[in-house]
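All remarks here apply to the structure that follows.
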Amino acid sequence: MKGHWTMEAQKSSVKLEGEERSLAQVSAVQGQLLKGDVVESRFLADSGEADTATGRLVLSGKVKVTSERDSIYLTADKVTYDEKLALIIAEGNVKVNSEAWVSGPYDRLVATPGLERVGTPDRFGL
Amino acid sequence: MALAWQQQPKKYVILDDKQGGFKVYDVESYQLDFVPDGDISFDAKGQPVRGFSKEQGLVFSANRIIATAERTTGGSLRIKNGQLTGKVVVDVGSTIGDETTKSHLESESVTMAEEANQTRITLPSAFMFSNHVVSSTADRLMTLRAPSGTFVLPPLDQPSGSGNPFKSADVKGPITITLDSKRKSESGTSRHQVEMRGDRMRYDGAQRVLVLEGNVQYDVVMTPTKGEPVSFGGEGSQVRVEFNEDSTVKQVTGGGGGTVTLRSGGGQ
């Protein structure tokens, strides 16, 4: 099942290119990553850019993704959510945190949207 | 500036309990799976991967580690089970009262699994195991080399402190065992130096008895607290080593219809 997301922002601009593509650029963004109707995680970031043609959501600046079903969260400089792969690609000082432990920092990490699995790109066939 | 092909792969810390009590690091490729508020399973590759778990007195390294860690009541992490492959080195240490025990293991493959009130270590490939117990009365070093074996220990974070290297062991040969056992008393220090070879070894921790069977060869030098050392050796189907409660050698008995040669003095 492909993933998708919802997003809210304080400021936004949307550019429409024909009928099939829209580019939205937003700041002070928060939202959710979903699998069907189920919320997998929630995110916060300084800014975001969503491209409906590529199915990619790019979050930048103090990005935080919090698992909905576990007390763990991911922080990074940049997070790309690929809707078609239904995977998170995190870049820049990436850490996975919980109250009891920390994993990282990493330059780059791939994760499932609910953060049940994280790893190097080769572990996800990328 | 290094050329791209000369650059070393990056190494990462994949688990750190933030207390200095648990860490898995020097990892180049990894995958972690999280059970909600529960266990963490990881598959880590490196050259080698390194780690430690202080509550378990455990330090380990291997080229690949597939393991499950769980949270402890103290807020740290511990290894629940694991499979280590490729240049495996494991050190386990504990101190209870005045007794310090250090065990060292080297192999190409080690599997560790927690069972009810014990830890099972399975060694399907050639290994070297050493166990050193030091206390106010004892200094006993045992070294064992064999192609495969299974050891049962108390839970790693609940060492028994009884001078037993393990609860039980079953090792397949050809096996080489050396023992250097010193026992201190008011009258002085006595010593047993033992070298043994055989096809199969079993150890019973409750009885504190080690039995080596099959094509057995053994040499023993006993140095009493006073007097000259006595040496003897033999060949046969079995040799039996009994240990004192402080882990020192109590008695070595050859059996199975073989020959025993008693030599005066401490050497040839």
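The values are calculated or read from the model by the stated rules, or taken from the named source; none is laboratory data. As the structure is a computational prediction, the values presented were derived from the model and not from experiment. Ideal geometry is used to build each Cβ from the backbone, glycine not excepted, and the neighbour counts take in all protein chains shown. Only protein heavy atoms, including side chains, enter the accessible area calculation; ligands, DNA and RNA are left aside. Shrake-Rupley method; radii C 1.70, N 1.55, O 1.52, S 1.80 Å.
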| task | Please turn the phi angles of the stretch B:38-47 into ³J(HN,Hα) values with the Karplus equation 6.51 cos²θ - 1.76 cosθ + 1.60 (θ = phi - 60°), one per residue in order, whole Hz, x for glycine and proline. | result | x, 5, 10, 9, 9, 10, 10, 10, x, 10
| Going from the alpha-carbon gyration tensor of the stretch B:1-136, what semi-axes, largest first and in whole Å, does one get by taking the root of 5 times each eigenvalue? | 26, 19, 15
| Suppose every K and R has +1 on its Cβ and every D and E has -1 on its Cβ; what is the size of the dipole of the stretch B:15-113 about the Cα centre, in Debye to the nearest 20? | 120 debye
| task | Give me the percent of Cα-Cα pairs in the stretch B:13-65 that sit more than 13 Å apart, rounded to a whole number. | result | 58 percent
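How much accessible area per residue does the stretch B:65-204 have, counting only protein heavy atoms and a probe of 1.4 Å, in square angstrom?
Result: 44 Å² per residue.
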| message | What's the longest uninterrupted piece of chain B once you rule out the GluC sites (Glu not before Pro) that are loop residues per DSSP with at most 13 other Cβ within 10 Å? | response | B:1-185
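Hey, got the dipole for the protein assembly as shown? About the Cα centre, +1 on K and R Cβ, -1 on D and E Cβ, debye to the nearest 20? Numbers along the way, then the final one.
Numbers: 46 positive and 51 negative charges, 154 e Å.
Result for the protein assembly as shown is approximately 740 debye, rounded to the nearest 20.
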| field | Shape parameters for the stretch B:93-211, alpha-carbon atoms, Rg then Dmax in Å | value | 14.4, 45
| task | At 7 Å along the Cα-to-beta-carbon direction for both B:LYS102 and B:GLU228, put a label point, then send me their distance in nm to one decimal. | result | 3.6 nm
| Cα centre as origin, Lys/Arg/Asp/Glu Cβ charges: chain B dipole, Debye | 420 debye
| field | Residues in the stretch A:67-112 that, when all protein chains are in place, have 50 Å² or more less accessible area than the chain alone would give (probe 1.4 Å) | value | A:ASP70, A:ALA100, A:TRP101, A:VAL102, A:TYR106, A:ASP107
| task | Subtract the Cα-Cα distance of A:ARG117 and A:ARG69 from 0.36 nm times their separation in residues, and report this length gain in nm to one decimal. | result | 16.0 nm
| message | Over the Cα atoms of the protein assembly as shown, each weighted equally, I'd like the Debye log10 I(q)/I(0) at q = 0.08, 0.12, 0.13, 0.14 Å⁻¹, rounded to two decimals. | response | -0.57, -0.93, -1.02, -1.12
| request: Quick one: compute a quarter of the convex hull surface over the Cα atoms of the stretch B:121-190 and quote it in nm². | output: 5.2 nm²
| said: Strictly greater than 22 Å: what percent of every Cα pair in chain B meets that? | reply: 60 percent
| query | Hey, any idea what the orientation-averaged projected area of the convex hull of chain A's Cα atoms comes to, in nm²? | reply | 7.7 nm²
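DSSP loop trypsin sites (Lys or Arg not before Pro) in the stretch A:66-100 with at most 13 other Cβ atoms within 10 Å of their Cβ, which ones?
In loop regions of the stretch A:66-100 (DSSP not H, G, I, E or B), the sparsely surrounded trypsin sites (Lys or Arg not before Pro) are A:LYS84.
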